Amino acid sequence: MRVNQTEAKTLQTLGGDTQVPLYSVHYQYNSTNKFAEVRETSLRTLFEKYGDILWLNGSHKYNVTNFIGELHDLLDSPGFSTFSQEMLDELIGKLRKRGNSNATINRKMAALSKLLRKAYKMGDVYSLPEYKRQKEKAGRILFLDKDEEHALFSQLRAHSDLYYRFCIFLIDTGARLSEGLDVRWGDLTDQRATFWVTKSGRSRSVPLTQRVVSAIAASDRRKPGPFSDIDQQRFRNAWHQAKDVVGLGHDKDVVPHILRHTCASRLVQGGIDIRRVQMWLGHQTLSMTMRYAHLASHDLEMCVPVLERAASA
C-alpha cells in the first residue's frame, strides 16, 4: 500500500501572511509494512542493494552494471527520493546526445526500470516515472551461408577442435554464447539440451541434430560440461582471427552471435512457422522473432495463382 502524503515544515515571511515550504518529506509503507520516511538514495546505492537479487552473474549483469553506472553519472543531482519524469527525460536526452540509438536507449531504460520497480516495491523511492519504449529501426540480420560456415569452422578447427565443436553446438541449437558455455552434463540427454539460465529468465529445451550429438560426445565427461573449459575472451579472439583469414574481417557484424541468427534464419527458410522459431530461440516476445519473418517470403508465391485466376475471370 502506498500513501500519497507529504509533511512540510514552513517558514513565515516578514509580512507574516505567506508561508514558504522549507522542506518536504515523503512517507509510505515499506517492505515490512511500516509507515516510514523515504530517505534520499541514488542509482548506485540501489544497484549495490538489489543488483545481485535482480540479475544473475554473467555478461548481461556486466552490461547492466555499466548501464546503471553511466546513468548515475549523467544525472545532474544523483541523490533522490522520487525519480521524476523530468529526471527520466533528462537521461534520455543526454543518451541521445551521446549518439545512443533507440535500441541502446531501450536496453538501458529496461535496466533502470527494473531497478526502480524493485526499489519502489521495497519502499526506497516514493514514485516512478512512466517510460515509453522508443521506436527501433529494423536492424540488419546477418547470417552465414553454407560456404561461409564451412570456411570459418574449418579455420577454427585448425586452431582448436573444442572451438569447432562449440560452434557446431551454437549454430544447430541457436544458443547464446553464455548459454552454450554454461551447459552442464546434467542438462543434456541423447536427444535434447536444456538451457536453464537464459536472458529471458525462462528455461527452454531444444532437440539435438546428429552432428551436435557427435560434437558433445567428443568432450571430456570429467569436466563440468562439454564446453566449460572454454574461456569466452580467448574464444572471441580465435573467432576474429579466423574470420580475418577467410575474408570476413571487414564486417563488424560477423561475431559469434551470428551463429544464433543463422540457426533462426535456416529454420524460417526451411518453412518452420514463426511461433515454433520463437520457442526454439526462447524469445520473450514474438516481435523479436518477427525480425526473421521476411526470410519466409517464398511462401508468397502461392498468392500469384490466386490473383491470376481472379484476373482471368
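None of the figures in this text is laboratory data; all of them are computed from the coordinates on show. As the structure is a prediction and not an experimental result, all values here were calculated from the model. In this analysis, Cβ positions are derived from the backbone assuming ideal geometry, glycine residues included, and neighbour counts consider all displayed protein chains.
For the range 146-300, the relative contact order comes to 26 percent (Cα pairs under 8 Å, sequence separation of at least 6).
What's the whole-number percent of alpha carbon pairs in the range 146-300 lying beyond 17 angstrom?
Values: 7486 of 11935 pairs.
Tail fraction, whole percent: 63.
Cross-link pairs exceeding 30 Å between alpha carbons, from the set LYS49/LYS135; LYS121/LYS252; LYS61/LYS121: LYS49/LYS135; LYS121/LYS252. The aspartates and glutamates whose alpha-carbon is closer than 14 Å to the alpha-carbon of LYS108, local same-chain residues fewer than 8 away aside, are GLU70, ASP73, ASP89, GLU90, GLU136.
The mean sequence separation of alpha-carbon pairs under 8 Å and at least six residues apart, normalised by the residue count of the range 77-154, gives a relative contact order of 41 percent.
Dipole size in debye (nearest 20) for the chain around its Cα centre, Lys and Arg Cβ +1, Asp and Glu Cβ -1? Working shown, then result.
Values: 45 positive and 35 negative charges, 91 e Å.
Once rounded to the nearest 20, the dipole reads 440 debye.
Please compute the Kirkwood hydrodynamic radius of the range 29-185 from all pairs of different C-alpha atoms, in Å with one decimal. Answer for the range 29-185: a Kirkwood hydrodynamic radius of 18.7 Å.
So how many Å³ per residue does the convex hull of the Cα atoms of the range 252-313 work out to?
Numbers: hull volume 6.7 nm³, N = 62.
Each residue corresponds to 107 Å³ of Cα convex hull volume.
With the chain treated as a Gaussian network of Cα nodes joined by springs under 10 Å, which of HIS250, HIS240, HIS150 yields the largest mean-square fluctuation? The residue with the greatest mean-square fluctuation here is HIS250.
Please state the shape class of the range 133-215: rounded when a/c is under 1.5, otherwise prolate if a/b exceeds b/c and oblate if not, all from the C-alpha gyration tensor. Note, shape of the range 133-215 comes out oblate.
In terms of its alpha-carbon gyration tensor, the range 39-96 comes out oblate; a/c meets the 1.5 threshold, while b/c is at least as large as a/b.
Under 14 Å from the Cβ of ALA242, count the other residues' Cβ atoms, weight Lys and Arg +1, Asp and Glu -1, and hand me the total.
Values: positive: ARG157, ARG234, ARG236, LYS243; negative: GLU148, GLU149, ASP161, ASP244, ASP251.
So the environment of ALA242 carries a net charge of -1.
The alpha carbon convex hull volume per residue for the chain rounds to 236 Å³.
Rounded, prolate or oblate for the range 182-246? Axes are the square roots of the Cα gyration tensor eigenvalues, ordered a ≥ b ≥ c, and the cut-off for rounded is a/c under 1.5. Don't skip to the answer; put the middle values down first.
Details: a/c = 1.75, a/b = 1.47, b/c = 1.19.
Prolate.
Across the range 234-313, the relative contact order, built from alpha-carbon pairs under 8 Å that are at least six residues apart, equals 20 percent.
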